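Report on the following structure.
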Amino acid sequence: MRAYIDSDILIWHLRGERKAASFLHRLRAAGEYELWTGAMQRAEVVFFMRPSEEAATLLFLSHFQTAPINAAVVDLAEGLYHRWHPSHGMDINDTFLAASVLQTGGRLFTLNVRHFPIPDLPVKKAW
């Protein structure tokens with residue numbers, strides 16, 4: 001099963017947060033999940049890394065597969081955005097991640113569960 005990791009967890013890990021490192025270690029050690037992230041979440045990390053962080057960041061991200069954005073994901077994300085942005089402020093990056101999870105199966109792990117109000121989306125708070 002795919003475990004989609006939101007950018008908040010990735011960023012906390014890169015900042016040295018022990019809870020993030022422990023969470024990812026437990027998830028990997030359990031052997032139940034393949035580690036994935038969304039294309040937009042990867043972009044959030046790499047677009048804002050400093051040049052001195054590039055090697056370590058890319059090495060860390062190499063442990064995750066990145067879900068591509070294709071027409072089906074865009075179309076589903078658009079529907080999620082128009083359904084959930086007005087009432088919950090769901091942003092575009094989150095809609096792409098949610099659409100990727102819904103298209104491919106798996107579970108979404110985040111620290112911001114309220115960003116993903118979709119009833120049929122399997123989402124869990126990381127810690």
Among the residues of segment 57-110, which ones are of a type in the set (D, E, K, R) and under 16 Å from the mean Cα position of the chain (by Cα)?
-> ASP91, ASP94, ARG107
Of (1) exposed (fewer than 14 other Cβ atoms within 10 Å of the Cβ); (2) outside any helix (DSSP H, G or I), LYS19 fails just (2)
Test each condition in (1) buried (at least 18 other Cβ atoms within 10 Å of the Cβ); (2) assigned to a helix (DSSP H, G or I) for ILE118 and report the one that comes out false.
-> (2)
Six or more apart or on different chains, Cβ under 6 Å: which pairs go from a residue in segment 8-22 that's touching a residue at least 60 places away in the same chain (Cβ under 8 Å) and closer than 13 Å to LYS125 by Cβ to one that's among the β-branched types (Val, Ile, Thr) and assigned to a helix (DSSP H, G or I)? Could you list them?
-> ALA20/ILE9
Among residues of segment 89-104 being modelled with pLDDT of 95 or more and in a loop (DSSP other than H, G, I, E, B), the residue surrounded by the most Cβ atoms within 10 Å (Cβ to Cβ) is MET90
Which condition breaks for VAL113 when tested against (1) touching a residue at least 60 places away in the same chain (Cβ under 8 Å); (2) under 12 Å from the mean Cα position of the chain (by Cα)?
-> (1)
State yes or no: is ALA72 crowded, with 16+ Cβ neighbours inside 10 Å and either in contact with a helix residue (DSSP H, G or I) (Cβ under 7 Å, 6 or more places away or on another chain) or in a loop (DSSP other than H, G, I, E, B) (or both)?
-> no
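Residue-wise test of (1) under 15 Å from THR110 (Cα atoms); (2) modelled with pLDDT of 95 or more; (3) out of contact with any strand residue (DSSP E or B) (no Cβ under 9 Å at 6 or more places or on another chain).
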| position | (1), (2), (3) |
| --- | --- |
| MET1 | no, yes, no |
| LEU10 | yes, yes, no |
| ALA21 | yes, yes, yes |
| VAL45 | yes, yes, no |
Exclusive hit being surrounded by 13 or more Cβ atoms within 10 Å (Cβ to Cβ), touching a strand residue (DSSP E or B) at 6+ places or on another chain (Cβ under 8 Å) and either among the β-branched types (Val, Ile, Thr) or free of Cβ contacts under 8 Å to residues at least 40 places away in the same chain (or both), set THR66, THR57 = THR66
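The values are calculated or read from the model by the stated rules, or taken from the named source; none is laboratory data. On a predicted model such as this, the values are computed, not experimentally measured, just so you know. With ideal geometry, Cβ positions are generated from the backbone for all residues, glycine too; neighbour counts draw on all protein chains shown.
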